[in-house]
């Protein structure tokens with residue numbers, strides 16, 4: 001007996017719908033974020049390989065940005081970090097307004113980064129050696145040096161002197177003095193430098209670590225004043241940027257100008273150390289200096 005035409009049509013329609021549903025299912029692919037494109041060499045690299053190297057490309061040794069909190073986790077022994085002066089928050093001393101009020105800009109930056117300002121300071125252990133450590137973070141207003149950054153670093157230096165601790169400051173600041181705070185920001189360069197001078201007179205050891213970028217008022221003050229100055233490979237270090245300098249003096253700059261390698265060759269820094277070796281190198285320097 002032949003099949004009912006209407007039943008046959010329904011069956012075919014159901015089959016078509018079933019096939020359409022099957023073909024419309026999302027395809028199984030590579031999970032998002034599993035691979036990274038290296039800005040240095042353009043290679044596609046496995047994220048876990050980069051993480052094992054603490055944010056370094058396994059192909060070309062490009063050093064990715066890492067946050068201040070992540071930098072502290074990389075350098076200090078697990079569970080030893082104690083943050084100091086975490087309650088300090090920026091204010092708006094001159095009620096500055098550009099595209100938006102400074103207070104609003106600060107609120108947005110705090111929400112975006114989870115930081116109160118561009119510096120995190122405290123104490124912890126590096127290979128069982130207690131140190132005072134500060135880190136500036138370019139994610140917060142390019143790491144510019146406002147009143148809170150200057151105050152935190154000054155208090156860190158003074159406490160390191162009181163407790164006779166080796167001092168380490170990791171600079172990751174692409175900005176100079178924070179213009180939204182006017183002269184209050186400019187004062188921080190002198191204030192931090194004076195604290196370092198007192199620390200040096202008391203016989204303290206200060207190790208400055210320069211990362212990409214270290215520019216402006218940070219480079220012109222505390223970042224360049226270390227007893228030992230270390231830099232990560234290919235970090236941009238200087239006062240004004242290369243394009244600004246070229247536009248001002250109108251001459252071609254040397255190849256590699258303002259990179260770690262150029263500055264090592266010309267005596268501005270003492271060592272270039274890859275990120276995976278930085279923790280051990282800091283411990284070695286502390287031991288060598290008898291601190």
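Considering only 203, 216, 146, give the residue with the highest GNM mean-square fluctuation for the chain, with springs between Cα atoms whenever their separation is below 10 Å.
203
Based on DSSP H runs of at least 4 residues, each adding -39500 (n - 2.57), what is the mean residue ellipticity at 222 nm of the chain after dividing by all its residues, to the nearest 500 deg cm²/dmol? Please list the in-between numbers first.
Values: 10 runs with 113 residues, N = 291.
Counting only the DSSP helices, I get -12000 deg cm²/dmol.
Quick check: residue separation of residue 281 and residue 125 times 0.36 nm, minus the Cα distance between them. What number comes out in nm?
On the way: separation 156, 0.36 × 156 = 56.16 nm, distance 1.38 nm.
Here the answer is 54.8 nm.
If a/c stays under 1.5 just call it rounded; otherwise compare a/b with b/c (prolate if a/b is bigger, oblate if not). Do that for the range 35-128, with a ≥ b ≥ c from the square roots of the Cα gyration tensor eigenvalues.
Working: a/c = 3.68, a/b = 1.43, b/c = 2.57.
Oblate.
By how many nm would the segment from residue 193 to residue 257 grow when fully extended, if each residue of separation counts as 0.36 nm and the alpha-carbon distance is taken off?
Numbers: separation 64, 0.36 × 64 = 23.04 nm, distance 2.57 nm.
Using 0.36 nm per residue and subtracting the Cα-Cα distance, I get 20.5 nm.
So how tilted is helix 183-201 from the main axis of the chain? Cα-based, degrees 0 to 90, rounded to 10.
That helix lies at roughly 60 degrees to the long axis.
Taking a ≥ b ≥ c as the square roots of the eigenvalues of the Cα gyration tensor of the range 65-288, is the shape rounded (a/c under 1.5), prolate (a/b larger than b/c) or oblate?
On the way: a/c = 1.59, a/b = 1.09, b/c = 1.46.
Oblate shape, in that a/c is at least 1.5 and b/c is the bigger or equal ratio.
Taking only Cα atoms and a 10 Å spring cutoff, compute GNM fluctuations for the chain and point out the largest among 142, 215, 246.
Evaluated over the chain, the most mobile residue of the options is 246.
By the gyration tensor of its Cα atoms, with a ≥ b ≥ c the square roots of the eigenvalues, what is the shape of the range 132-199: rounded for a/c under 1.5, prolate for a/b over b/c, or oblate? Provide the component values of the computation, followed by the final result.
Numbers: a/c = 2.77, a/b = 1.55, b/c = 1.79.
The shape class here is oblate.
Please report the antiparallel percentage of DSSP beta bridges with both residues in the chain, rounded to the nearest 5.
Just about 50 percent of them are antiparallel.
I'd like the orientation of helix 5-24 relative to the chain: the angle between its Cα long axis and the longest Cα principal axis, in ° from 0 to 90, rounded to 10.
10 degrees
Taking only Cα atoms, what is the 0 to 90° angle, nearest 10, from helix 275-288's long axis to the longest principal axis of the chain?
20 degrees
Coordinate-derived values only; no laboratory data. The shown structure was predicted, so the numbers you read here are calculated from the model rather than taken from an experiment.
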